[in-house]
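For reference, the structure is listed below as structure tokens.
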Amino acid sequence: MTTLFTNINSSKFNRDILESIYDGYYEVDGQGHLVLFNASLCEILGLTEAQLVGDGYQKYLSDKAERSLSRMFQMVYNTGRPIKAQDFLYERPDGKQLCLEASATRVINETGFPIGIRGIIRNVTDRNCALQAQRESEQRFRSLFEQNTDAIIQFDLVGNIVDANERTAEFVGYPPAELAGWPFDVFVSTHDAMKIRRSLVYAKTGLCKEYEVRIRHRKGKQIHAHVKTIPILVDDEVTGIYAICRDITSQQHTLETIQRLSVQNTSILQSVGDGICGVDLQGKTTFFNAAAERMTGYRAEEIIGQSLHLFLHHTHADGTKSAFVDCPMHKAIHLGQKREVRNDIFWRKDKTNFPVDYHVTPMLERGKVTGAVLVFRDVTEQRQAEEWLVRSEKLSVVGQLAAGVAHEIRNPLTALKGFLQLAKVQPEKVRDYADIMYSELERIESITNEMLAFSKPHVTQFKPYNIQVLVDGVISLLSSQSLMHNVRFHVDFNHGDALILCEPDRLRQVLINLFKNAMDAMRGGGEVSIRTWLVKEQLHIAVVDHGKGMDPETLRRIGEPFYTTKSNGTGLGVMVCQRIVESHNGFMAWESEMGKGTTVTITLPICEFAGEM
């Protein structure tokens, strides 16, 4: 304690007490000069006694703090009313910012005349920071509580509502202010009320609980809610419970819809006649429907999780192994493209195979391939029906060829008969006619060989074959008919040495149909042009006539079963030709214009190992 003015009676103060307190004690005279203070004030302000004494302290105050203290001193000095606490900010010489609290009481002399002010200055920085943090925490909590998209309800330990946020009104239809004191189980069924009561028991032991309930809105609608109860802990003691309720009505409806669609999709998958399988990115089976089980002999549980390729597509028809990287399933997955395959085989559990047509479609999720769906069909009966159609059409063609062949054979037979009759009369001249007779016999043999090759039953067997040999043979077979129709064949083999992997007998049937159609289109005779060319390892064979052509409607219906413009036609010829060409991985195209003629183009892949032949 320091006293600087002799007119202050220091005996009035207990110096030991003032020096022992942590708060700063001060006295100022009527002019605001500091005349008495303790050591704690120096410590709080970070100033020495010399810096504080008199009005020296004022230069260490900010303008705002100086004005605040000056107003306080003047008000207390003039009115005599003490001020218990007034805060002001102070910056110590070391730069530390403090929040100080000052009290002030007027000091009077023996005659009652005011002579100064005395009071306490306390450092409340930590307290104010704690209070500010508490206020901010309460504000953040209240903001979180009120602005939360979930309904938040505070319960007491009995289960009555203490507080609720605005979102709660959307669940129950009552404003939060009206809910205080209500038991929440009035908004739920008896069954769900039991869930809430059990969660309260859990919360009292400090445990959280999650469950789902249906909340009855004031207007009668049901809200499906997910509820999480959380104990409110104060000094490790549970004082209440928060229930956070989230509206999952739309999610529940979506889930129910998904489940319903899943049941429907499963029913569809199990009822369709085609085999349907799913694979993931590694080619492992994810689903396998009843039709697939029936056709392959495998049960779904045997194959799900296993490589579908190793079960169904491990070996080609010729006995060579089929690698997964070459499988259409692998290509569909890794290229993200749909693949369609005809005339392949799958293997059954009993190690037998069956013919299939199938397509593989990649499964996409958010633009990324996650697997593939394989849809396949056992085409055994279809292939048998196609074979029957081919044989039927072949017999029809054979019947039509018979007259021409008979005419073609009759000519050399007539010549031979004449030479034999001549030989009876002039035996010595037989040698002169031998070469002519032998030539006529070779002609007959050639015609009968072509006829037999076309009409005899055949075993399906693909082999490399020269296209020029095939075309020349068909022209030879139809030569007599072409003469009768006054039709000439003009052939332009740009790639006569090209080999195609084919069944020669079946392609011969296609060419016979096309050549005969071209001849039929030119009733008055003319020229049928046949030319070949190669583009990107594909052989194109064009048959061009200069007949009356086809109108757009007829052209559109080309290939329809039983559709024909001929009075004696079956309407199956073009369809059979298309099937045969497709079975060779090729296709056919028609171009026609009324009055100018028709062009039919067959496109077939050339034999990959033609260079080795």
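The values are calculated or read from the model by the stated rules, or taken from the named source; none is laboratory data. This structure is a prediction, so every number in the text was calculated from the model and none was measured. Methodologically, a virtual Cβ is constructed for each residue, glycine included, from the backbone with ideal geometry; neighbour enumeration extends over all protein chains shown. Quick note on the areas: whole protein, heavy atoms, side chains included, nothing else; ligands and nucleic acids left out. Shrake-Rupley method; radii C 1.70, N 1.55, O 1.52, S 1.80 Å.
Data table
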read-out: Ranked order, E27, E138, E256 - accessible area, probe 1.4 Å, largest first; value: E138, E256, E27
read-out: Long-range amide H partners of V487 with built H, under 5 Å; value: G526
read-out: Distance histogram for segment 223-328 (every C-alpha pair counted, 10 angstrom bins, percent rounded to whole numbers); value: 12, 24, 20, 14, 12, 10, 6, 1, 0
read-out: Cα-based reach from K321 at 20 Å (exclusive), listing aspartates and glutamates while leaving out same-chain residues under 8 positions away; value: D344, D350, D357, E608
read-out: Anchor K566: lysines whose Cα lies under 27 Å away (excluding residues fewer than 8 positions away in-chain); value: K394, K456, K516, K548, K596
read-out: Estimated 222 nm signal from helices in the chain, with DSSP H stretches of n ≥ 4 weighted -39500 (n - 2.57), rounded to 500; value: -13000 deg cm²/dmol
read-out: Virtual spin-label span in nm between R488 and R377, 7 Å along Cα→Cβ; value: 4.7 nm
read-out: Distance between segment 121-182 and segment 321-389 - C-alpha centres, whole angstrom; value: 63 Å
read-out: R218, R523, reordered so the largest accessible area comes first (probe 1.4 Å); value: R523, R218
read-out: Where N is the number of residues in segment 144-238, Cα Rg divided by 2.2 N^0.38 Å; value: 1.03
read-out: Label-point separation in nm, E302 to T249, each point 7 Å along Cα→Cβ; value: 5.1 nm
read-out: FRET efficiency, 1/(1 + (r/R0)^6) with R0 35 Å, evaluated for E136 and Q58 via beta carbons; value: 0.55
read-out: Sorted peptide list for 158-166, 287-295, criterion being average Cβ within 10 angstrom, highest first; value: 287-295, 158-166
read-out: Exceeding the 29 Å Cα-Cα cut-off - candidates K209/K284; K338/K536; K195/K219; value: K209/K284
read-out: Reported label for calculated mean projected area of the Cα convex hull in nm² given [x] 39.6; [y] 58.5; [z] 43.3; value: [y]
read-out: Lysine pair count for segment 12-124 [Cα-Cα under 23 Å; pairs on different chains or 8 or more apart]; value: 4
